[in-house]
Amino acid sequence: MQAVEKKSAVKTGSSPKEKAIQFLFKYGAIALLAIIIFYFSTVSDAFLTYGNFSDIMRSISIVTLLALGVTFTLVVDGFDLSVGSTMSLSTVVTASLMVWYDMPLWLVLLLPLLIGVLAGAVNSFLIVVLGIPDLLATLSMMYIVAGLHRTYTEGYSIYNNMPLTSGGTAPGQLSEAFLWIGQGQMLGLPVPVWIMVILVLVSYLILNHTRWGRVLYMTGGNAEAATLSGVNVKKVKFTAYVVSGIFASMAGILFTARVGSGQIDAGAPLMMEAVAAVFVGYSVLGAGKPNALGTFFGAAVIGILLNGLTILNLPYYAFDIIKGGVLVAALAVTYVYAKKKFSKS
Amino acid sequence: MQAVEKKSAVKTGSSPKEKAIQFLFKYGAIALLAIIIFYFSTVSDAFLTYGNFSDIMRSISIVTLLALGVTFTLVVDGFDLSVGSTMSLSTVVTASLMVWYDMPLWLVLLLPLLIGVLAGAVNSFLIVVLGIPDLLATLSMMYIVAGLHRTYTEGYSIYNNMPLTSGGTAPGQLSEAFLWIGQGQMLGLPVPVWIMVILVLVSYLILNHTRWGRVLYMTGGNAEAATLSGVNVKKVKFTAYVVSGIFASMAGILFTARVGSGQIDAGAPLMMEAVAAVFVGYSVLGAGKPNALGTFFGAAVIGILLNGLTILNLPYYAFDIIKGGVLVAALAVTYVYAKKKFSKS
Amino acid sequence: MEHPLLEMTAIRKSFGNVTALEQAQFSLEKGEVHALLGVNGAGKSTLMKILSGVYSQDEGDIKLNGSPLQLRSPKEAKEQGIYTVYQEVDTAIVAELSVAENILLDTFAGGSSFFISQKKLYDDARRVLKELQSDNIAVGQKAADLTLAEKQLVLIARALVHSAKIIIFDEPTAPLSLHESAKLFSVIEGLKAQGVGCIFISHRLPEVFEIGDRITVMAEGKWVQTFDAKAASQEEVVESMLGAKLSNELVHRDHEIGAPQLIVEGLSDEGKLKHLSFGAAAGEIVGVVGLVGAGKTELAKALFGESKLTSGTITLGGRALKLKHPSDAIKAGIALVPEERRKEGLFVQESLSANASFPNLRRFSPKFFMDKRAERAFAKDIIGRLQIKTDNTETPLIHLSGGNQQKVAIGKWMSLDSKLYLFDEPTKGVDIGAKVDIFKLIRQLASSGKSCVYFSSEIHEAIGISDRILVMYNGQIVKEFSRQEATQERILLYASGGKEERSENRQQPERKSHTVSV
Amino acid sequence: ACQPKGEVSEEGTSDATKAEASDHPLAGKKVALIMQINLGTFSAQYIEGVKEQAGKFGGSVTVFTSEGDLAKMASNLDAAINQGFDAILIDHGTKEALNQGVEKAVEQGIPVVAFDAGVDVEGVVSLEQGDQKMAEMTLERLAEDSGGEANIVKIWVAGFAPMERRQVAYEKFLADNPGIKEITAFGGATKNTALDTQAQMEAILKQYPNEGDITAVWAAWDEFAKGAVRAIEQAGRTDIKVYGIDMSDEDLQMIQKENSPWVASAAVDPMDIGRIQVRYAYQLINGETPEEKVVLEPVFVDAEKLPSEAITTNELSEYIEGWGASEQGYTDDLKELEGK
Ligand SMILES: Nc1ncnc2c1ncn2[C@@H]1O[C@H](COP(=O)(O)OP(=O)(O)OP(=O)(O)O)[C@@H](O)[C@H]1O
Ligand SMILES: Nc1ncnc2c1ncn2[C@@H]1O[C@H](COP(=O)(O)OP(=O)(O)OP(=O)(O)O)[C@@H](O)[C@H]1O
Ligand SMILES: [Mg+2]
Ligand SMILES: [Mg+2]
């Protein structure tokens, strides 16, 4: 009955082909990015400028936050499809707290985060307590939360001084202080970029250099072994989903501040993009697993590509081909390598 | 390495609670449907009429075709996120063959099917040969095919005698014979309903009563055992993805015929719905696994609910809550039962 | 002279740079049972997988009735009439399908009929099960609901469906009770009579002698010797397997047994365990033996807080424990080396140092951030202390051999100062050399005053290492032996539900040395 | 559902009208509204217009959602027919998808009024925005502001009938005004149109960094205009003006902002569209035969004419002539019905 333990055929790369694969696995993604940047900068002078790069960074900040949340759930071997909806809900709630209820800034920032916590908690209830597989549980939640956010606004987007269905106009406005979060500058960089960089670094530190990160990765690697090593796997999964919810609601807050209104369904299209960013991130520096820096890198690759392709005047409808192509390339490198490494002959 | 399958303490339901769960597992979904239908018919006289039901059936025909394809991939333990895009591509190609190129009907029906075959083949290449996990491979394909279909039409939807970018108008029109597929009637039932019913039955027969069906389920249940029994698992997976692609392109053809034009992005919103239908189908008659009749049932439950809820004049934006709720309920019944049954002491 | 039914000569097979087979050979006559023996990893299963078309050999020939044969897939082997009952039951059972479908699984891939009649399916399945005298198994139920033994029977039934020329039994009796084994043997007798050639792999020597006509021994992927089962003695065969006489060098103990440490009273859980009471003292090694399925693993996990108890108390070092989760057990000073180490004990994709530090992360992250240097130092220390063969603390464990992995699974508890160590089948799938190392380790722990409970179905090993032996049968402790009293026969008798009164006289204690299983 | 100040009753059917449900022949009618897309402020305001007018007539409205899916829209139309509504309103969609259902409705004597749906069935009233006119209005202003010489960016997307009508006007205009050159064009109707447009516009601005490279942006749809305006504002480019089409209440707030690059828009008040559509439906219910093709008069919204304090589209009529005050579709009978 014992497990068939298979040793890897080759431990250290030997044949040139193996070496090439290993090189690709480690530096392929970075090399690709360098080539892309080099190419675009030869095509357009406007591309390789400080201003353009700070714009690109700003444009990926929202999707990166969302993707960081997805990273956490993937680290514990989960999957969160509901982040897009949670972000949409947080977007309209944030705006409504100011526009409809004229609340102070701290509440405006706090309440959406609580919504994120709640969404994460419900997800983990479905997954951990009821035992519904992650993908399906969060798929259902995706529908439910999307429905809730539309019901909350009755289908309206929320903007300054909007007329209310009950007559009259809404009392509040998005405050300057709030808008600064999405549109302001600080020390020469847009505020959303600061937020993103800080959150990426914090996530990186937590995941790679702290006890918690270790527990998260190990739980994802082998939940059963983690349990028998004294980890409360349920709590860990719960935490990961709550973190994911919080990131989604932060993305929502940022979206509202960036756009200056509470757009309905803002998060839905970003979900797949966030997932793509995380998976492209797998291939960064040969991590082969979800990781915060990789996620940031993945989002950046996609953002830079889109920016460059617009400059090249590529029609918008071709962007998805490129996006999918990059994703396939990243996945192929990761998994072909993994297959070689842990090959079953 | 072997799975820890432990026997249920109790084989035949003994305690009332166990019995209740078992009953729910087997008949819960059907009971629910009966209650829903009964309730709606007390609310509105228009609900329980032949006309309304044949309309409901017609309205779910497209999503059911898509869902049947998803069922096949789930049976072999795969997952196809790209069906929506493949359907979109097939939709515009079908329309363009008539509108742009004035092709005969048989080609118009054949070429999109080939596209479905191709999409399935590429999916299985990524999954089987490169070893990219199903979800990720088909996610990338979702992007790529979506991009392709927009590039193909340059972002236009395709309709009779549309103006061409090159100047002039398109020579062709969607033919009457073709439109009959989506809008005609036969023996008192709409043609799409006939198509759906036939394909559901064929899928059911193949999956449950033929050798192929066993091979598919076997591969999904335990790929290693299947290999040892002489099944070529790669070929089987390949077949399943190709079948899924074919169903997606049939859905696309049907969509074109129903709508009378080649709408861009027609399939994207249907993908999640198809997946939901399949999972609701898990809980039908205690199958606990993907199955053709269950899929049809799942699509019908969702269709009937949506139809009935509009009668109730529930706000449209709340529908997704209901959809998600039904999905959670179905999943909870399936998985809570599974957990009870294989509970780890 | 007529050709033998099967002839395999000079077979070589390597996986990457691991050579599993080298100069292996094997032959089989019609109506013969030819047993294949060898220590773990000798290459028995690999040779049989070549014969059944799962792997193809790098070199060497296979002849069936004198004509050479290339087997490229399991399907081709089946077309030649070669069927296999695989060792790893779960690789061959499709849990979601019914018993009948599992029995007739092979007919689906290659069959010619398109539609499948459920009735015929069930009838065929019932007929075969009847042949096996196992028609108590309902053919309509899902295979997932079967016990391990029943699954094994289904696999055997699967081979009987066809008119086979050769049937390979790879450790079919491992999960079977004595009674079930006896039924299997009568089936094999029947097959012999029909002229079917049977290949029989087992680690239980007595049954090999009972059923086999010839015995071939393999070691390190090579053919060593072939015996006539009627003429050979068990000692000869064992010597041939190990390349040396079986030494009893393990049976040395030098440590003192101290005060009672663990006291278990009236323990029952929701599943198998019924009212168990026992104890273990400081410095004592208590063996818990029983056949597969007796409930040893359940007991180990119950002591580790993994399962819900319905009654009973656990006291450790005078403190009553309430264990809701393994983390409670770890805090109380209990360590568990689980049976399925790759699934339950280790993170095989992670490095040795990450594995070693995991149970006590706090020690390696005093200020929340991981102190990777301390972690590596500890990993080095473990490597040295347990003589783990690896060049690097950062290699993923998947690259280590099974024995070395098992040492890591033990070593990871060294960062905690546990009072009680639970070992669940720690030698499972481990080669002889590593086994000796592991026994030494357990000894060392005991000498330093720890209590050890050693769960095993390898009875002779348990006798070798334990100070005291408890026999489990069907979730209960049915007998306690001191080391002096314990013999393999007596233990086996209790372990299979028997009582000694009736049979004591027939069991000859001096046969102990004959009944060795490796 | 969580909006504050719920004093006024939430749905269109107010208590006042219910009381008279029995005595007027036109009271208590059930109206179905079949929409292709129903998210966003434009749609929400449009729905509100429909509900308001129907409420005033003592009727009730059921909204059928299609999430952009034409097949679902066709099914919803079938469902509405089955469920015995007194009138059916259609918002967007295509002729090919809807004609069959509309014919069935007409056969059964259910009045149908379509807005921008391209339906052509006898007896059905079709409303259409003056798309070409709106394009012309904004482009003419653009030419005027720039003195006939301009480098413009077009944001436009194919695939929607109104868009294509606007494109026709655009091309004609460029041909007639050689001084106005299109330097680049982009646009995509994604699920997050405004934000994606913003990111793309940022890239365009980087490509044309100098003052005067771009004179103006012409956005064929307000979602595009929104994105462009945000990109321009955040880049601090005061030299670029934005001209848009279709203005919702939300856009008004952006136009009114100080130094907004968005200087003009042309639109029909979405609430008015809803109101007018209901009026025609009631004419049909009442057995009248109104003209079958109704072109809604667009209104030109000029930023200069707006007051300095923030207003909503409800108050826009005070400043912009013709806004929110359309009397299209009224008959004496209807006035009387409303008056009661
Ligand atoms: N697929 C594989 N990849 C790499 N190595 C393998 C593979 N299969 C077997 N081996 C190695 O080949 C050797 C022989 O293994 P095999 O399973 O044939 O032994 P066995 O005699 O059946 O042992 P046991 O008694 O434990 O069943 C072992 O060293 C094993 O690790
Ligand atoms: N129905 C089953 N199907 C497959 N495997 C099973 C089944 N029941 C038990 N097993 C496996 O058999 C082994 C023994 O089961 P169990 O834990 O009940 O008894 P045990 O006394 O611990 O036996 P062991 O000698 O293996 O330690 C375990 O590895 C378990 O995973
Ligand atoms: Mg073996
Ligand atoms: Mg065990």
Other protein chain Cβ atoms within 10 Å, averaged over every residue that makes up C:359-371:
4
Teacher prompt: B:LEU135 distances to equivalent labels in other copies, 7 Å Cα→Cβ, nm:
0.6
Go through B:LYS234/C:LYS75; C:LYS75/C:LYS435; C:LYS380/C:LYS419; D:LYS241/D:LYS305; D:LYS51/D:LYS335 and tell me which ones have a Cα-Cα distance over 26 Å in this structure.
C:LYS75/C:LYS435
Rounded to whole Hz, the Karplus (6.51, -1.76, 1.60) HN-Hα couplings of the range C:471-483, x for glycine and proline
9, 9, 9, 6, x, 10, 8, 9, 6, 10, 10, 7, 4
To the nearest 20 debye, what is the magnitude of the charge dipole of the range C:6-248 about its Cα centre, counting +1 on the Cβ of each Lys and Arg and -1 on the Cβ of each Asp and Glu?
460 debye
Take peptide B:328-336, look around each residue's Cβ out to 10 angstrom, count Cβ atoms belonging to other protein chains, and average those counts.
5
Ignoring ligands, DNA and RNA, what accessible area per residue does the range C:6-248 give at 1.4 Å, in Å²?
38 Å²
Taking 1 over the mean of 1/r across every pair of different Cα atoms in the protein assembly as shown, what Kirkwood radius in Å do you get?
36.1 Å
For B:GLN185, place a label point 7 Å out from Cα along the Cα→Cβ vector, do the same in each other copy, and report the separations in nm, one decimal, smallest first.
6.8
Using all C-alpha to C-alpha distances in chain C, build P(r) with 20 Å bins and read off the rounded percent in each one.
20, 52, 26, 2
Taking DSSP loops as anything outside H, G, I, E and B, show the longest stretch in chain B free of trypsin sites (Lys or Arg not before Pro) there with at most 13 other beta carbons within 10 Å.
B:12-343
Amide H neighbours of D:GLN129 under 5 Å, at least 5 residues apart or on other chains, H built in the peptide plane: list them.
D:ASP116, D:LEU296
Antiparallel as a % of all DSSP beta bridges within chain C, to the nearest 5?
55 percent
Quote the accessible area belonging to B:MET272 in square angstrom, nearest 10, computed with a 1.4 Å probe and with ligands, DNA and RNA left uncounted.
30 Å²
Let me have the relative contact order for the range A:172-265, percent, based on Cα pairs under 8 Å that are six or more residues apart.
34 percent
Hey, got the dipole for the range C:1-136? About the Cα centre, +1 on K and R Cβ, -1 on D and E Cβ, debye to the nearest 20?
160 debye
Around D:LYS206 (Cβ within 13 Å, Cβ-to-Cβ, excluding D:LYS206; K/R +1, D/E -1) the net charge comes to -2
Label the range A:141-209 by shape, choosing from rounded, prolate and oblate, from the square roots a ≥ b ≥ c of the eigenvalues of the Cα gyration tensor; if a/c is under 1.5 it is rounded, and otherwise prolate applies when a/b is larger than b/c, oblate when it is not.
oblate
With Cα coordinates, the longest principal axis of chain C makes an angle with the long axis of helix C:148-160, in degrees rounded to 10, of 20 degrees
Give the residue from C:ALA300, D:LEU334, C:LEU205 lying farthest towards the positive end of the charge dipole for the protein assembly as shown; charges sit on Cβ (+1 for Lys and Arg, -1 for Asp and Glu) and the dipole is referred to the Cα centre.
C:LEU205
Given H placed 1.01 Å from N in the peptide plane, which residues other than close sequence neighbours of C:ALA20 have an amide H under 5 Å from its amide H?
C:LYS13, C:SER14, C:PHE15
For chain B, what does -39500 (n - 2.57) per DSSP helix run (n ≥ 4), summed and divided by total residues, give at 222 nm, in deg cm²/dmol to the nearest 500?
-23500 deg cm²/dmol
Taking the Cα centroid of the range C:363-382 and of the range C:282-329, what is the distance between the two, rounded to the nearest whole Å?
30 Å
Place the peptides D:231-241, A:109-119 in order of packing, highest mean first, counting for every residue the other Cβ atoms within 10 Å and averaging per peptide.
A:109-119, D:231-241
With a 1.4 Å probe, how much accessible area is buried between chains A and D, both sides summed, in Å² to the nearest hundred?
3600 Å²
So for chain A, taking the charge dipole from beta-carbon charges (+1 Lys/Arg, -1 Asp/Glu), which of A:THR91, A:ILE246, A:PHE25 sits furthest toward the positive end?
A:PHE25
Given a 1.4 angstrom probe, I'd like the percentage of the accessible area of the range C:6-248 that is carbon and sulfur, rounded to a whole number.
49 percent
Roughly what % antiparallel, to the nearest 5, for the DSSP beta bridges in chain D?
10 percent
Cα centroid distance between the range D:74-93 and the range C:99-172, in Å?
57 Å
Put A:MET196, B:MET103 in order of accessible area, largest first, probe 1.4 Å, and you get B:MET103, A:MET196
List, shortest first and in nm to one decimal, how far the label point of B:LEU201 (7 Å from Cα along Cα→Cβ) is from its counterparts in the other copies.
6.8
Applied in sequence order to the range C:121-133, the curve 6.51 cos²θ - 1.76 cosθ + 1.60 (Karplus, θ = phi - 60°) yields integer Hz couplings, x standing for Gly and Pro, of 4, 5, 4, 4, 4, 4, 4, 5, 4, 5, 3, 7, 6
What average count of beta carbons from other chains do you get within 10 Å of the Cβ of residues in C:337-349?
6
So how far, in whole Å, is the C-alpha centre of the range B:9-85 from the one of the range A:132-191?
34 Å
Residues of the range A:208-231 that bury at least 40 Å² of accessible area, probe 1.4 Å, when all protein chains are present rather than the chain alone, are A:HIS209, A:THR210, A:ARG211, A:ARG214, A:MET218, A:ASN222, A:GLU224, A:ALA225, A:THR227, A:LEU228, A:SER229, A:GLY230
One would report the antiparallel percent of DSSP beta bridges in the range C:6-248, rounded to the nearest 5, as 55 percent
Residues of the range B:253-282 losing 50 Å² or more of accessible surface, assembly versus chain alone, probe 1.4 Å, please list them.
B:ARG258, B:VAL259, B:MET272
For the range A:211-222, in residue order, the Karplus 3J(HN,Hα) values (coefficients 6.51, -1.76, 1.60; θ = phi - 60°; whole Hz; Gly and Pro = x) are 4, 4, x, 4, 4, 4, 4, 5, 4, x, x, 6
Mind listing the long-range amide H neighbours of A:ASN160? Cut-off is under 5 Å, sequence gap 5 or more, other chains count too, H placed in the peptide plane at 1.01 Å from N.
A:LEU174
For C:LYS479, counting only aspartates and glutamates whose alpha-carbon sits under 14 Å away and dropping same-chain residues fewer than eight positions off, the answer is C:GLU489, C:GLU500, C:GLU501
Accessible area of the range A:123-273 divided out per residue, in Å², using a probe of 1.4 angstrom
30 Å²
Of all the Cα-Cα pairs you can form in the range C:6-248, what percent are over 22 Å apart?
54 percent
For the protein assembly as shown, the dipole about the Cα centre with charges only on Cβ (Lys and Arg +1, Asp and Glu -1), to the nearest 20 debye, works out at 7580 debye
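The values are calculated or read from the model by the stated rules, or taken from the named source; none is laboratory data. These numbers were taken from a predicted model, which means no experiment stands behind them. Counting neighbours? That spans all protein chains shown, and the Cβs are built from the backbone with ideal geometry, glycine included. With ligands, DNA and RNA removed, areas are computed over all heavy atoms of the protein, side chains included. Shrake-Rupley method; radii C 1.70, N 1.55, O 1.52, S 1.80 Å.
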